[in-house]
Amino acid sequence: MNKSPFILSIAGGGSTYTPGIVKSLMVRLADFPLSEIRLYDIDKERQETIAPVVEKVIRDHSETIKFTVTIDAQTAFEGAHFVFAQMRVGQYKMREQDEKIPLRHGVVGQETCGPGGLAYGLRTILPMVELIDLVEKYASPKAWIVNYSNPAAIVAEGVRRLRPHARVLNICDMPVAAMRNMAAILNADRHDLDVDYFGLNHFGWFTSVRVKGEEKLPQLREHIAKFGLLTEDAAQTDPQHSDPSWVKTWRHIQPLMDAFPEYIPNPYLQYYLMPNYIVEHQDPNYTRANEVMDGREKRLFEAAREYKETGILPDAFHVGVHGAFIVDVACSLAFNLRQRHLVIVENKGAIAGLPYDAMVEVPAYITEHGPEPIRVGDIPRFYRTLLEQQLASEQLLVEATLEGNYEKALEAFTLNKTVPSVIHAKKILDDMIEANREYWPQLHKAYIKGKRV
């Protein structure tokens, strides 16, 4: 197998995840050889703070890989073979608004679920399409974009509508993180797990978990009833998902399993199926955004400053399931490995009863031509109906984005299962439009026009 080195660009180079992802790449150079890594971000100051840390990670493993840091799209993507996209439009300042505005109205405040996820999606769809156009203009004709920008379901739907032929594979590490925890509980290697799963991104269920062919779902059910989706001592193998809020997330799977024990739910379903309980246990003045800013982001930026001053890089970032999964997927795309991964794909009949063009999350074989979804077949009415409602909310949100349509945005918010009523939906949407006026000019214009009428 020819393994000529690749040029890889990371769009969103100033992300706090970048050093960990690059470390994941460095320890897998034999599997995924690289001639150059390029960081690209529109926030020059932030990227230049992170870049020396990234370069140190690279040089600890290779003296020959070229390292480029740029805010120029042509420099970033010219001739690139792969682009990893990790956009956060509005950065943590807007994430904080996404979480706190709904909480002011007694509704779940979460980055990717509920009104917060809808707001984040409204900001991200068009910049993602712009990125695709830049990659197609400058990169290798066969370049793949591996996109893990949130909210993945909404971004994937927007891309499907606006750039249906783009070479983009949309992924999310949440199911893989759940698999990592399952493997720890079962005292197994994550790569030995073979799972069946169906749903939308952050809205799905594991229907089978096998280790070397042996079904482990009953054993996991018994464990989850006592400890949630955590090991008995709550030890975590990946610090990315071990902050206090994450420990709660893994534990909150218990009541979901008590109510519907047939399958193991994606932990994020707690926001949709038990929103009142979640709101009661959220601090409206200190959300997950604050936890990240005061934790992971602060540690990494302090480490970058210390490294600049002393030449010594503290251990301020980690290599977890997030980076490892991205490299796994890229390897399968690059070398036609046909590895089986959970990814976001066009349904095309994989889940019976859902629209052919729905963007669903299911197992697929990853080939050099893209994903080949594995057919799930029929699913019970309860789960299908939940998926249909969530899908309608996400699709209306995309239409609202593309049309600058206030009414469709309100419909999307109203349909979302985290939102109790249209009264809540309208108050939250209106507050979010004010907070996002620089990101949603068309929607803000439609909102102001409606007020005047």
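Just to be sure I understand, how many residues within the range 83-104 are open to solvent by 40 Å² or more (accessible area, probe 1.4 Å) and out of contact with any Ser or Thr (no Cβ under 9 Å at 6 or more places or on another chain)?
Adding up the residues that qualify gives 4.
Name the pairs whose Cβ atoms lie under 8 Å apart, with the first residue in the range 252-263 and under 16 Å from Y383 (Cβ atoms) and without any contact (Cβ under 8 Å) to a residue 60 or more places away in the chain, the second charged (D, E, K, R) and part of a helix (DSSP H, G or I), and 6 or more positions between them or separate chains?
M257/R221; P261/R221
Could you figure out which of (1) of a type in the set (D, E, K, R); (2) within 24 Å of V159 (Cα to Cα); (3) assigned to a helix (DSSP H, G or I) isn't true of K56?
(2)
Return yes when V107 is open to solvent by less than 10 Å² (accessible area, probe 1.4 Å), touching a residue at least 40 places away in the same chain (Cβ under 8 Å) and within 30 Å of P275 (Cβ to Cβ) and no when it is not. Show your work before the answer.
Working: open to solvent by less than 10 Å² (accessible area, probe 1.4 Å): yes; touching a residue at least 40 places away in the same chain (Cβ under 8 Å): yes; within 30 Å of P275 (Cβ to Cβ): yes.
So V107 fits the description; yes.
Which count do you get for residues in the range 288-304 that are touching a helix residue (DSSP H, G or I) at 6+ places or on another chain (Cβ under 8 Å), open to solvent by 20 Å² or more (accessible area, probe 1.4 Å) and under 15 Å from A51 (Cα atoms)?
Total satisfying the criteria: 2.
Would you check if I326 is part of a helix (DSSP H, G or I), among the β-branched types (V, I, T), in contact with a strand residue (DSSP E or B) (Cβ under 7 Å, 6 or more places away or on another chain) and under 16 Å from V176 (Cα atoms)?
Taking the combined requirement at face value, the residue satisfies it.
Of all residues in the range 130-143 being closer than 19 Å to L402 by Cβ and surrounded by fewer than 18 Cβ atoms within 10 Å (Cβ to Cβ), which is nearest to the chain's Cα centre (by Cα)?
E130
State yes or no: is T418 part of a loop (DSSP other than H, G, I, E, B) and modelled with pLDDT of 95 or more?
Taking the combined requirement at face value, the residue satisfies it.
Report yes if some residue within the range 25-37 is of a type in the set (K, R) and outside any loop (DSSP other than H, G, I, E, B); otherwise report no.
For the range 25-37, residues of a type in the set (K, R) and outside any loop (DSSP other than H, G, I, E, B): absent.
Exactly one of (1) in contact with a strand residue (DSSP E or B) (Cβ under 7 Å, 6 or more places away or on another chain); (2) open to solvent by 20 Å² or more (accessible area, probe 1.4 Å) is unmet by I171. Its number?
(2)
Answer yes or no as to whether Y307 is crowded, with 22+ Cβ neighbours inside 10 Å and either part of a helix (DSSP H, G or I) or at positive phi (or both).
So Y307 does not fit the description; no.
In the range 264-283, how many are part of a helix (DSSP H, G or I), touching a residue at least 12 places away in the same chain (Cβ under 8 Å) and over 20 Å from Y197 (Cα atoms)?
Of the residues in the range 264-283, 4 are part of a helix (DSSP H, G or I), touching a residue at least 12 places away in the same chain (Cβ under 8 Å) and over 20 Å from Y197 (Cα atoms).
Can E411 be described as open to solvent by less than 30 Å² (accessible area, probe 1.4 Å) and within 25 Å of E96 (Cα to Cα)?
Criteria not met by E411.
Which of the strands (runs of 3 or more DSSP E) found entirely inside the range 59-177 contain at least 1 residues meeting this: hydroxyl-bearing (S, T, Y) and closer than 25 Å to R28 by Cα?
Numbers: elements: 66-70, 82-85, 144-147, 168-170.
So the answer is 66-70.
Report, by residue number, each residue of the range 55-101 that is among the hydroxyl-bearing types (S, T, Y) and over 23 Å from the mean Cα position of the chain (by Cα). Before you say what the answer is, go through the steps one by one.
Quick first cut of the range 55-101, residues among the hydroxyl-bearing types (S, T, Y) only: 62, 64, 68, 70, 75, 92.
Across the range 55-101, the qualifying residues are S62, T64, T68, T70, T75.
So, of the residues in the range 331-388 that are part of a helix (DSSP H, G or I) and under 18 Å from P265 (Cα atoms), which turns out to be most open to solvent (accessible area, probe 1.4 Å)?
Restricting to residues being part of a helix (DSSP H, G or I) and under 18 Å from P265 (Cα atoms), the top hit is R381.
Can you tell me which residue in the range 178-198 is modelled with the highest pLDDT, limited to those that are open to solvent by 50 Å² or more (accessible area, probe 1.4 Å) and part of a loop (DSSP other than H, G, I, E, B)?
N187
Give me the residue from the range 1-35 that is out of contact with any His (no Cβ under 6 Å at 6 or more places or on another chain) and of a type in the set (V, I, T) and, out of that set, farthest from V89 (Cα to Cα).
V27
Which one of the conditions (1) open to solvent by less than 70 Å² (accessible area, probe 1.4 Å); (2) not in a helix (DSSP H, G or I) does T249 fail to meet, given that it meets all the rest?
(2)
How many residues does the range 310-326 hold that are within 17 Å of E55 (Cβ to Cβ), hydrophobic (A, V, I, L, M, F, W, C) and open to solvent by less than 50 Å² (accessible area, probe 1.4 Å)?
3
Take the range 1-14 and flag every residue that is within 18 Å of I71 (Cβ to Cβ) and at pLDDT below 95.
None; the set is empty.
The values are calculated or read from the model by the stated rules, or taken from the named source; none is laboratory data. Owing to the predicted nature of the structure, the values given are computational and were not obtained by experimental measurement. Counting neighbours? That spans all protein chains shown, and the Cβs are built from the backbone with ideal geometry, glycine included. Just so you know, the surface numbers come from the protein's heavy atoms only, side chains and all, with ligands and any DNA or RNA stripped out. Shrake-Rupley method; radii C 1.70, N 1.55, O 1.52, S 1.80 Å.
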